[in-house]
Amino acid sequence: VLKTFHKGGIHPPDNKLTAHQPIRQIPAPGSVAILLSQHMGAPAKLVVDKGDEVRIGQLIARGEGFLSGNIHASVSGKVAGIDEVQDVSGYKRQAVFIDTAGDEWDNTVKINNTLDKEIRVDGAEILKRIAEAGIVGLGGATFPSHVKLSVPRGKKAECLIINGVECEPYLTCDHALMLEKGGEIMVGIQLLMKALNVGKAHIGIENNKEDAIKLFRHLASAYDGITVHALKVKYPQGGEKQLIKAIIDREVPSGGLPVDIGAVAFNVGTVFAVYEAVQKNKPLIERIVTVTGNNVKQPANFRVRIGTPISALIEAVGGLPENTGKIIMGGPMMGKALANTEAPVVKGTSGILIVPEEDSSRSIVQPCIRCARCLSVCPMGLEPYLLMPLSKQNNFDRLEIEHVMDCIECGSCSYTCPASRPLLDFIKLGKLNVGKIIRTRKK
Amino acid sequence: MSKLLIVSPSPHISSDQSVNKLMFGVVISLAPAFIVTLYVFGIGALITTVISIASCILTEMIIQKYLLNTEVKIRDGSAIVTGLLLAFNLPSNLPWWMVVLGALFAIGIGKMTYGGLGNNPFNPALVGRVFLLISFPVQMTSWPLPMASRLQYLDASTGATPLGILKEAVKNGQAVPDVMNQLPDHMQMFLGQMGGSLGEVSAAALIVGFIWLLYKRIITWHIPVFVVSTIFIFTGILWMANPLTNATPLFHILTGGVMLGAIYMATDLVTSPMTKTGMIIYAVGIGLITVIIRVYGSYPEGVSFAILIMNAFVPLINKYIKPKRFGEEVKHG
């Protein structure tokens, strides 16, 4: 019997066009724009100036806020300037522009690709290297990994959960990475287990990736305490709370953290970055990005330097199709629609989805017929049909009572609504307002 | 870039479900029951259905266009469903103008006064039926005999429903088992060989429709199953206590629109509760009230009233019965 979470969930068509494509290296672009804000917290503080020569992997900005991460140069060359660039949300943000020259790596980085299985450092050192490498959650949340690994006083991590679910339709970057870098990921898991001082790790992979399940079962048989779980395909199983529920059958309490129930979860992409940081001393300067879409000529999985303009990725798959209506960064369920393609790739960029015009617009909104589908698909047990009008009416007290802050923004409600009501739009607005109120209350 | 991109918040895909598809799914599921009713009641059933649907659509159109000055939205299919279900709740020999009046009341008062689709607290078709029942009690309870006069409309030969005959006989002091001999047997009732409203006569055809609705995921099983089993258990207890004055539980669930009410009227998406627990409370309430009206009230049949009464409780049920939240109960390892 396959494991899964039991509350809500949907089955969108998975459209994994690039499921069996190898990872292709995209050459370093002529210039990159590296954003100073690629993590949840405050922007990182610059440590280079215009005109400085930088090498690949060199620190260019230090994450000083609680939820910030270090930023490194992803190409070698000259800092052309510190200027604003439009990010994927359309906001102007500070970025370091580097004009590429040569392929000069920082001296400390081991640039060979041999699998290094030997663990030579202790937990504290692992944590330090992860923090220095600027690793954040590559599943999309971009939560700094060293913060996640620092278990708060009074709490105890019992097991490590590895997220190989990739439940978003179209995306295959994690799948491709698992197939190519299985050995490295296993070492990464051991490093994380050591850093957390836990004896157990669970890898969750959905059943539509049978080759990855088979590979990891084989790899895990050589290690103690690492179990691979084949999971029933269901969205949003890649959500941290849903995955933990599916694997160890415990629920993260409302408003709490996974570590409250003894679990700490990492995406496979993050685990690979941890391996590179600790074993190869290589900071997070590149990641895997799926570039796909039904009309795209050659959809592919690329290894991309952070800061590469999205337009370069689109060129690499054969250019923008004629009838493109929308370009999404991320998957179709939770991704962001881009206003232009000059925004740079950031640490959280998992995919670029190019949508034809006919699939780009929303349907006409009809009245709510109280069919209760939104309620039955909500993985958090919320009532979207009720939260939407409460948010419209600015009824913040009631929104909070109805647990609006528990919403994980998976979009299952809007996806399912037969009346095409923009449920999630209003719930997000409600969360924003209620979140502000809660923060002022705490002060 | 020359062309502008479309920017909108996530999700960027949606299921292929729509309000129209749900409504037409209900219409299709009623096909078996409609075929049976044409076979049993003939031309009268056809006339009543056509008039009811046409008047419902026309009423909604006129109100939206001339009274509210809004966009006409009859294409969502909800007026067709109301029209069809109203017809299924009427005798096939009801004068056409009464059908029109019922439709006018169902859509005009039952639905549009509240703001149209999705806003009405009471099932519109039942509002129409109960309005007619109270206004024209004689016409609404003289049912054409099954198979007797399939080519006549208004002058069809009439009789009472099995429930009506039974209630009358018990009132006159006859024992139930004696009356049963004069009534169609359970198999005939199951297939639709009895007097009654258009859609209520064949439990078999309604169950086929129910299976289709479940297969298409238009409704869930909770409400129909709990309405029928509550009635079955309650009347079963009464029957075991005194079989001379009470009919068998099987008789109760096969007659008087229990199947039609449980499968189609009580499950109306707009007027039923949102959570599964809420649905069960609502369904058990309908079952209990139905039996109380049938056994202790003056009407032989109580499903319509029971549903309307429970409709009134739906907002309260939705307020107090909440889905189980994720992370509500914390298990420690």
*Any idea which of B:ALA45, B:ALA87, B:ALA31 is buried (at least 24 other Cβ atoms within 10 Å of the Cβ) and under 16 Å from the mean Cα position of the chain (by Cα)?*
B:ALA87
*Name the one entry in A:MET329, A:MET405, A:MET333, A:MET380 that is farther than 21 Å from B:VAL7 by Cα, buried (at least 17 other Cβ atoms within 10 Å of the Cβ) and among the aliphatic types (A, V, I, L, M).*
A:MET380
*Residue by residue through the range A:355-372, note down the ones that are under 24 Å from A:ILE328 (Cβ atoms) and crowded, with 22+ Cβ neighbours inside 10 Å.*
A:VAL355
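Residues checked against (1) part of a helix (DSSP H, G or I); (2) more than 10 Å from chain B (Cβ to nearest Cβ):
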{"position": "A:LEU353", "(1), (2)": "no, no"}
{"position": "A:GLU358", "(1), (2)": "yes, yes"}
{"position": "A:GLN366", "(1), (2)": "no, no"}
{"position": "A:CYS371", "(1), (2)": "no, no"}
{"position": "A:ARG398", "(1), (2)": "yes, yes"}
{"position": "A:ILE408", "(1), (2)": "no, no"}
{"position": "A:SER414", "(1), (2)": "yes, no"}
{"position": "A:LYS436", "(1), (2)": "yes, yes"}
{"position": "A:ARG439", "(1), (2)": "yes, yes"}
*Residues of the range A:154-188 being in a loop (DSSP other than H, G, I, E, B) and polar (S, T, N, Q), which ones?*
A:THR172
*Being facing chain B (nearest Cβ under 7 Å), in contact with a helix residue (DSSP H, G or I) (Cβ under 8 Å, 6 or more places away or on another chain) and part of a strand (DSSP E or B) is the filter here, so list the residues in the range A:327-346 that pass it.*
A:ILE327
*Which one of the conditions (1) surrounded by fewer than 20 Cβ atoms within 10 Å (Cβ to Cβ); (2) modelled with pLDDT under 90 does A:SER37 fail to meet, given that it meets all the rest?*
(1)
*asked:* Going by what's in this entry, would B:VAL127 be described as part of a helix (DSSP H, G or I), more than 14 Å from every other protein chain (Cβ to nearest Cβ) and out of contact with any Ser or Thr (no Cβ under 7 Å at 6 or more places or on another chain)?
replied: yes
_So for the range A:282-291 (the condition being touching an Asp or Glu at 6+ places or on another chain (Cβ under 8 Å), part of a strand (DSSP E or B) and either crowded, with 21+ Cβ neighbours inside 10 Å or at pLDDT below 95 (or both)), does at least one residue qualify?_
yes
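Please work out if B:ILE307 is in contact with a Leu (Cβ under 9 Å, 6 or more places away or on another chain) and over 29 Å from A:MET380 (Cα atoms).
Taking the combined requirement at face value, the residue satisfies it.
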*Among the residues of the range B:130-161 satisfying the criterion of being hydroxyl-bearing (Ser, Thr, Tyr) and buried (at least 16 other Cβ atoms within 10 Å of the Cβ), which is farthest from the other protein chains (Cβ to nearest Cβ)?*
B:SER149
_Residues to consider are B:VAL284, B:VAL291, B:VAL314; find the one that is outside any loop (DSSP other than H, G, I, E, B), within 14 Å of chain A (Cβ to nearest Cβ) and within 17 Å of the chain's Cα centre (by Cα)._
B:VAL314
*Yes or no: A:CYS378 under 24 Å from the mean Cα position of the chain (by Cα), at the interface with another protein chain (Cβ under 8 Å from one of its Cβ atoms) and not basic (Lys, Arg)?*
yes
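Confirm whether B:VAL27 is within 14 Å of another protein chain (Cβ to nearest Cβ) and not aromatic (Phe, Trp, Tyr).
Answer is no for this residue.
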*Return a yes/no flag: does the range A:252-265 have any residue that is under 17 Å from the mean Cα position of the chain (by Cα), within 14 Å of chain B (Cβ to nearest Cβ) and in a strand (DSSP E or B).*
yes
*Residue, surrounded by the fewest Cβ atoms within 10 Å (Cβ to Cβ), within the range B:162-197, restricted to residues that are among the acidic types (Asp, Glu) and farther than 15 Å from B:HIS252 by Cα*: B:ASP178
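Would you mention how many residues in the range B:17-32 are assigned to a loop (DSSP other than H, G, I, E, B) and under 13 Å from A:ARG373 (Cβ atoms)? Explain how you work it out, then say what you get.
Looking only at the range B:17-32, we keep the residues that are assigned to a loop (DSSP other than H, G, I, E, B), and these are B:17-18, B:30.
In the following step, the residues that additionally are under 13 Å from A:ARG373 (Cβ atoms) were identified as B:17-18.
So the answer is 2.
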*Elements of type helices (runs of 4 or more DSSP H) in the range B:145-242, at least 1 residues being under 15 Å from B:VAL40 (Cα atoms) and modelled with pLDDT of 80 or more*: B:186-191, B:203-215
*Does A:VAL198 fit the bill of being closer than 21 Å to A:GLU118 by Cα and either outside any helix (DSSP H, G or I) or basic (Lys, Arg) (or both)?*
yes
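The values are calculated or read from the model by the stated rules, or taken from the named source; none is laboratory data. Remember, it's a predicted structure, so these values are computed and weren't measured experimentally. Note that we place each Cβ from the backbone using ideal geometry, even for glycine, and neighbour counts take in every protein chain shown.
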